[in-house]
1. Considering only residues that are open to solvent by 10 Å² or more (accessible area, probe 1.4 Å) and either in contact with a Pro (Cβ under 6 Å, 6 or more places away or on another chain) or at pLDDT 95 or above (or both), look in the range 96-109 and name the one that is nearest to residue 122 (Cα to Cα).
2. Six or more apart or on different chains, Cβ under 9 Å: which pairs go from a residue in the range 103-129 that's more than 17 Å from residue 82 (Cβ to Cβ) and part of a helix (DSSP H, G or I) to one that's open to solvent by 70 Å² or more (accessible area, probe 1.4 Å) and modelled with pLDDT of 75 or more? Could you list them?
3. Exactly one of (1) closer than 25 Å to residue 10 by Cβ; (2) open to solvent by less than 50 Å² (accessible area, probe 1.4 Å); (3) in a helix (DSSP H, G or I) is unmet by residue 61. Its number?
4. Restricting the range 64-77 to residues that are among the hydrophobic types (A, V, I, L, M, F, W, C) and assigned to a helix (DSSP H, G or I), which is most open to solvent (accessible area, probe 1.4 Å)?
5. If you check 93, 84, which single one turns out to be modelled with pLDDT of 90 or more, under 19 Å from residue 130 (Cβ atoms), within 13 Å of the chain's Cα centre (by Cα) and of a type outside the set (A, V, I, L, M, F, W, C)?
6. Of the residues 93, 84, 12, only one is open to solvent by 40 Å² or more (accessible area, probe 1.4 Å) and either within 18 Å of residue 124 (Cβ to Cβ) or basic (Lys, Arg) (or both); which?
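The values are calculated or read from the model by the stated rules, or taken from the named source; none is laboratory data. No experiment lies behind these values; they were computed from the predicted model shown. When we count neighbours, we look across all protein chains shown, and the Cβ atoms used for this are built from the backbone with ideal geometry, even at glycine. These area figures cover heavy atoms from the full protein model, side chains too; ligands, DNA and RNA do not enter into them. Shrake-Rupley method; radii C 1.70, N 1.55, O 1.52, S 1.80 Å.
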Amino acid sequence: IELALIRARLASGEEPDYDPDSLAKYLTANEFCVYDGQIKRYIGEIMAYQGDLREAQYWLEQAAAAHRKNKMRFHLAGDNVIRSTVCLRLDDSRAAREYMICAIDIFRECGADDCGADEWVEKYEKELATHF
């Protein structure tokens, strides 16, 4: 929750008081594999908000690996959306497009368009059309 709070404050333009070097402590404190990928994603997003895009890429890859390992496909799709955004900021539009297409495909596989969450697919299809 502390990581989510830091992330939310950064997203809203605040400058929260935290030590970026201590973010990994949340991984060692985590006792539940179900949170492993989410913690790594939050660290990646925090790094992206701070402008450290290479470090963000590292953590987002770790998040995706954890979500694949734990068979958390919906979260993996979210990881790919964020990875796409980071790639756009790094001017790698080809990789950004691939991540976005992968995210849309996974959302569909998860049944997002059949369970009332089809707005995820629609939203990212619009982004794909807009940016690529």
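1. Going through the qualifying residues, I end up with 101.
2. Listed by first residue and then by second, the contacts come to 109/73.
3. Going through (1) closer than 25 Å to residue 10 by Cβ; (2) open to solvent by less than 50 Å² (accessible area, probe 1.4 Å); (3) in a helix (DSSP H, G or I) one by one, residue 61 breaks only (2).
4. Looking at the filtered set, the residue picked out is 74.
5. Numbers: 93 fails: within 13 Å of the chain's Cα centre (by Cα).
Step by step, each of 93, 84 is checked, and only 84 is modelled with pLDDT of 90 or more, under 19 Å from residue 130 (Cβ atoms), within 13 Å of the chain's Cα centre (by Cα) and of a type outside the set (A, V, I, L, M, F, W, C).
6. Numbers: 84 fails: open to solvent by 40 Å² or more (accessible area, probe 1.4 Å); 12 fails: either within 18 Å of residue 124 (Cβ to Cβ) or basic (Lys, Arg) (or both).
Just a single option satisfies the conditions, and that option is 93.
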